[in-house]
Structure formats: C-alpha cells, structure tokens
Amino acid sequence: QLHALPTASIIRIKALTELDASDNKLTEVPSTLLQLLPHLEVLNLEGNRLTVPSLDFRDCQLRKLLLGLNALEYLPTLAPLTQLVELSVYSLRICALSPRGDPLRVFE
C-alpha cells in the first residue's frame, strides 16, 4: 500500500493515459500531477485518505475522475474539466464547507 505516489517514476511515462492509485493510503497528490502527465485521461484515487483536493485541473485531458471513498474537506472546482465524461464521488465524506464560502450568501 502506497503512502505517497512515486511521482518521479510516474512522470517518466509521458504517454501515460490511465493512472490507478486506488485503495492505498495516499493523503495527498502533487498539485501539478496533471500537468506533468499531459495525456492522462483516467485518474482513479478512490479508497485513499485524501482530505484536500489539491489537483490543478487546468489544461488537462481528464475524461474520468474517481474520487470516491475519501474524506475530502470539500469538492474541488471541476469547471476546467471540459473533457470530463465520468465523475465518481461514491461515499465521499465532505468534512467541511468550501474554503470559498457559502455560495448562497454571495448574492445577499
């Protein structure tokens, strides 16, 4: 079981299109992972110990993102994921409100 992604090894595979890091003990993922793997289309992080969604979704090709079975403090902004066709948040345990504040109060 991984406690951290072997990022140095993974980024050597520039043509990588699918990364399955599910069912490990990951507590974080490098924010630049998607920029380091420009062809990545499927990212499976289900069943880890992630609490903060630190991934930068800008300029990536993700079509499938699996985040279920984690204890994320909030759901990240998914707007940059224009290619996304599948999202899994199965049994996601949101632990707090978004750090950006309550969207219902923005227009008060």
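Compared with the direct C-alpha span, the chain from LYS14 to THR32 gains 5.1 nm at full extension, assuming 0.36 nm per residue. Split the accessible area of the chain by element, probe 1.4 Å, and carbon with sulfur accounts for 53%.
Taken per residue, the accessible surface of the stretch 1-107 reaches 61 Å², heavy atoms only and a 1.4 Å probe. Amide H contacts under 5 Å for SER54: VAL29, restricted to partners 5 or more places along the chain or on a different chain, H placed in the peptide plane at 1.01 Å from N.
Quick one: length gained pulling TYR74 to SER88 fully straight, 0.36 nm per residue minus the C-alpha distance?
Details: separation 14, 0.36 × 14 = 5.04 nm, distance 1.44 nm.
Between TYR74 and SER88, full extension yields an extra 3.6 nm.
Of the peptides 80-88, 44-52, how do they stack up when ordered by the mean number of other Cβ atoms within 10 Å, highest first?
Numbers: 80-88: 13.4, 44-52: 19.2.
Most protected by this proxy first, the peptides run 44-52, 80-88.
Adding -39500 (n - 2.57) for every DSSP H run of four residues or longer, then dividing by how many residues the chain holds, sets the calculated 222 nm ellipticity at -1000 deg cm²/dmol.
Taking 0.36 nm per residue of separation and subtracting the current Cα-Cα distance, fully stretching the chain between GLN61 and LYS25 would add 10.4 nm.
The values are calculated or read from the model by the stated rules, or taken from the named source; none is laboratory data. The structure presented is a predicted model; accordingly, all values stated were derived computationally and were not measured. Every residue, glycine as well, gets a Cβ built from its backbone with ideal geometry; the counts of neighbours run over all protein chains shown. Note: accessible area is taken over every heavy atom of the protein model, side chains too, but ligands, DNA and RNA are not part of it. Shrake-Rupley method; radii C 1.70, N 1.55, O 1.52, S 1.80 Å.
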